Amino acid sequence: MPKETFFKIAEHKRERLLREAARLFAERGYNQADVAQLASRAGVAKGSIYNYFESKEDLYLYVCRDGMQRSREAIYGDMDPEWDIYRQIEHIFRQGARFIQGHPEYLILYANISSAGMKRFSEQMSLEVEKYTADHLKRLIRRDMQRGLVRDDVDVNFAAFMVNSLYIIFITSLVSSHFKIRLQEYLEIDGDFSEATLEPLIQGTTDMINNLLKPV
């Protein structure tokens, strides 16, 4: 957590610092990100950063958690828990794509946790990041299985893992040049992604998930 002094500065200054920190860590990686450069981009003195956070590591962890919370609010904030699994999955894909297109730095931070030399961060963050979504999807599958909306022979844990894995690959393809090329090659897409291009991609992906889960 930040020091108390961080919460005493104006909200717009806190937002600017967190936004610039997320972008800098995404651009440079944790090890190459420079606190002095961050201070310059955020419009504060370098010493101020250490008035707000004990260390660069504390700042990095807070920025990652802040991004995780922003992502959850964007995706789950206006989702009706009574929607069936198929409507919820479609909502997750749509809202996730919209959020990541506007804030690609948070997906890059998520991906960077799996990089070499980041074990100490993954040990602190990975379970925190993954457990929320895993628990939500498992509850959702079990609930709709009882409602007769999901096949009763589905392995709940494996199905939750596969749905989320497809989601991660999909949104990564919107940010990573490599995965974008990969998606374009497999699905034979010409040109860059636009709202018109994304719509059939989201629909096709969620339709495939639906077909795998729905009772015959």
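The values are calculated or read from the model by the stated rules, or taken from the named source; none is laboratory data. Just so it is clear, the model here is predicted, and its values are computed rather than measured. Neighbour counts run over all protein chains shown; Cβ positions are idealised from the backbone, glycine included.
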Would you point out the residue of the stretch 28-66, among those that are more than 17 Å from residue 120 (Cβ to Cβ) and under 23 Å from the mean Cα position of the chain (by Cα), that is surrounded by the most Cβ atoms within 10 Å (Cβ to Cβ)? 38
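Scan the stretch 122-136 and tell me whether some residue there is outside any helix (DSSP H, G or I), surrounded by 14 or more Cβ atoms within 10 Å (Cβ to Cβ) and either assigned by TED's automatic domain parsing to the domain that holds residue 178 or of a type in the set (A, V, I, L, M, F, W, C) (or both).
no
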If I filter the stretch 110-120 for residues that are of a type in the set (Lys, Arg), farther than 23 Å from residue 65 by Cβ and without any contact (Cβ under 8 Å) to a residue 40 or more places away in the chain, do I get at least one hit? no
Of (1) among the charged types (D, E, K, R); (2) under 22 Å from residue 168 (Cα atoms); (3) at pLDDT below 95, residue 54 satisfies all except one. Which? (2)
Take residues that are under 30 Å from residue 147 (Cβ atoms) and of a type in the set (D, E, K, R) and tell me which of the helices (runs of 4 or more DSSP H) falling wholly in the stretch 1-113 contain 3 or more. 85-102
Sort out which residues of the stretch 175-197 are modelled with pLDDT of 85 or more and under 22 Å from the mean Cα position of the chain (by Cα), and write them in order of number. 175, 176, 177, 178, 179, 180, 181, 182, 183, 184
